[in-house]
Amino acid sequence: MKILITGSNGFIGSHLVEKGIRDGHKVWAAIRKGSNINYISDGVEGCLELDYSDYEVLCCQLKSFCDKWGKWNVVVHAAGATKCPKNEMFYSSNTEVTKNLVNAFIELDIVPNQFIFISSLGVFGSIRDKLPYKRIKDSDTPNPNTHYGKSKLLAEEYLKSIPHFPYVIFRPTAVYGPRERDFLMLIKSVKNHLLVSAGLGSQRLTFVFVQDVVKALFLAIDNRIIRREYFITDGSVYDNIDFSLAVSSELGNRWTIKIRFPLFVVRLLSWFMGGIASLIGRNQVLNSDKYRILSQRNWQCDIDPLIRDLDYIADYPLDRGVAETISWYKKQRWIK
């Protein structure tokens, strides 16, 4: 099977490439010009540089490839932005890029059998943040409270608006694992014996190890699923410091100090650092979007459809996933 994976040089994309090659597929890695390709496996059929922002150029690039090699059976769209120094960049990176790619496939008559889009649980926002906490369901009405979530939702809505377009939408919760950097600061903090969390009240969190995300996507490919939407978690629900406790246990920490910042403090820090990011044009750890994510109390979601349709069972509970992540960080000397 011929598979194109956008964002192949990224965290999730690079793991998808490896899985596709292991399974014997012919995998093409789509990247932007000048991208770092250190994590792209040697077994790819080739790297395809695409200019997603220029529709005419994108069409020419895709046409040139398909005239020579034919169209892909499956496209996995993993390219996008999870954090941006300016809010409008979320929409150009997540919404417009997706529209341009889909429109190009349609115009060139090279629509794949499956177009798999990696979205986010964040498209639903804090719709179930009142006690007693209940799972977010795919039948709920999305109400994103971040620009990231809004940009992903607009892309989802565009896919679903096209009659008979063979989309599959996956909405993973917080994804962690080797090559991921957003959890790195937390892990370094725990290594220094600090267990930091946001908010004084109860918080219900969900996580998923990157290899379980990859597993779910390839189950959809194997089962030829189309026009469906799925949440992805590891199947468990956690308290707000359970991830840090798992890290502390893996690192062998004998003592820790637990610090819970009130949300108003987190909000002030996020506002300040977000302003700096906008001024200097570089991402910061905290911003207004990140504050809304940290302040959301309930990240439970319903993965029953994923289990029912694809027989999905996560292979990595939190302790195993954290152990593999930390082992990789140590080998790469991201932590000592």
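By a straight-distance test (C-alpha under 17 Å), which aspartates and glutamates pair with Lys331 as possible cross-link partners, with residues fewer than eight away in the same chain excluded?
Within reach: Glu180, Glu250.
Could you look at the chain and say what percent of its accessible area is carbon and sulfur, using a 1.4 Å probe and all protein chains?
Working: 8160 of 15950 Å².
Answer for the chain is 51 percent, counting heavy atoms of protein chains only.
Whole angstrom only: what separates the Cα centroid of region 125-162 from the Cα centroid of region 228-283?
Cα centroid of region 125-162 versus Cα centroid of region 228-283: 21 Å apart.
How long is the gain from Arg224 to Lys330 if the chain were fully straight, where each residue apart is worth 0.36 nm and the alpha carbon distance is subtracted?
Details: separation 106, 0.36 × 106 = 38.16 nm, distance 3.81 nm.
This chain segment gains 34.4 nm when fully extended.
Could you compute the net charge surrounding Asn73? Neighbours are other residues with a C-beta less than 11 Å from the C-beta of Asn73; K and R count +1, D and E count -1.
+4
Chymotrypsin sites (Phe, Trp or Tyr not before Pro) within region 253-336: which are DSSP loop residues with at most 11 other Cβ atoms inside 10 Å?
Details: sites: Trp255, Phe264, Trp271, Phe272, Tyr291, Trp299, Tyr312, Trp328, Tyr329, Trp334; in loops: Trp255, Trp299, Tyr312, Trp334.
The qualifying sites are Trp255.
Take Thr141 and Lys191, extend 7 Å from each Cα along the Cα→Cβ direction, and tell me the distance between the two endpoints in nm.
4.7
In whole Hz and in residue order, list the ³J(HN,Hα) couplings for region 172-183 that follow from phi through the Karplus curve 6.51 cos²θ - 1.76 cosθ + 1.60, θ = phi - 60°; x for Gly and Pro.
3J(HN,Hα) across region 172-183, in whole Hz: x, 7, 4, 9, 10, x, x, 5, 8, 10, 5, 7.
Just checking my list (i) 122; (ii) 135; (iii) 166 against volume of the Cα convex hull per residue in Å³ computed from this structure; which label fits?
Correct label, based on the coordinates given: (ii).
Please give the net charge around Gln300, taking every other residue with its beta carbon less than 9 angstrom from that of Gln300, where Lys and Arg add +1 and Asp and Glu add -1.
Numbers: positive: Arg128, Lys134, Arg135, Arg204; negative: Asp302.
Neighbourhood net charge equals +3.
Among all the lysines, which ones have a C-alpha under 23 Å from Lys336's C-alpha, if same-chain residues fewer than 8 places away are not counted?
Lys188, Lys191, Lys258
Per residue, how much accessible area does region 195-247 show when a 1.4 Å probe rolls over the protein heavy atoms, in square angstrom?
On the way: 1740 Å² over 53 residues.
With all protein chains present, region 195-247 gives 33 Å² per residue.
Under 20 Å from the Cα of Lys68, which aspartates and glutamates turn up, not counting those fewer than eight places away in the same chain?
Glu45, Glu49, Asp51, Glu56, Glu107, Asp109
Taking θ as phi - 60°, what are the ³J(HN,Hα) couplings along region 35-49 by the Karplus curve (6.51, -1.76, 1.60), each to the nearest whole Hz, with x for Gly and Pro?
Calculated HN-Hα couplings, in order: 5, 6, 10, 4, 9, 7, 5, 5, x, 5, 5, x, 9, 10, 7 Hz.
Ignoring everything except DSSP H segments at least 4 long, calculate the 222 nm mean residue ellipticity for the chain; use -39,500 (n - 2.57) per segment, divide by total residues, nearest 500.
Working: 11 runs with 131 residues, N = 336.
My calculation for the chain gives -12000 deg cm²/dmol from helical runs alone.
Go through region 252-267 residue by residue and turn each phi into a ³J(HN,Hα) via Karplus (6.51, -1.76, 1.60, θ = phi - 60°); whole Hz please, and just put x for glycine and proline.
Taking θ as phi minus 60°, the curve returns x, 5, 8, 8, 9, 10, 8, 10, 10, 8, x, 4, 5, 5, 4, 5 Hz for region 252-267.
The values are calculated or read from the model by the stated rules, or taken from the named source; none is laboratory data. Note that this is a predicted model, so its numbers are computed, not measured. FYI the Cβ positions are ideal-geometry reconstructions off the backbone, even for glycines, and counts take in every protein chain you see. SASA here: full protein model, heavy atoms, side chains in, ligands and nucleic acids out. Shrake-Rupley method; radii C 1.70, N 1.55, O 1.52, S 1.80 Å.
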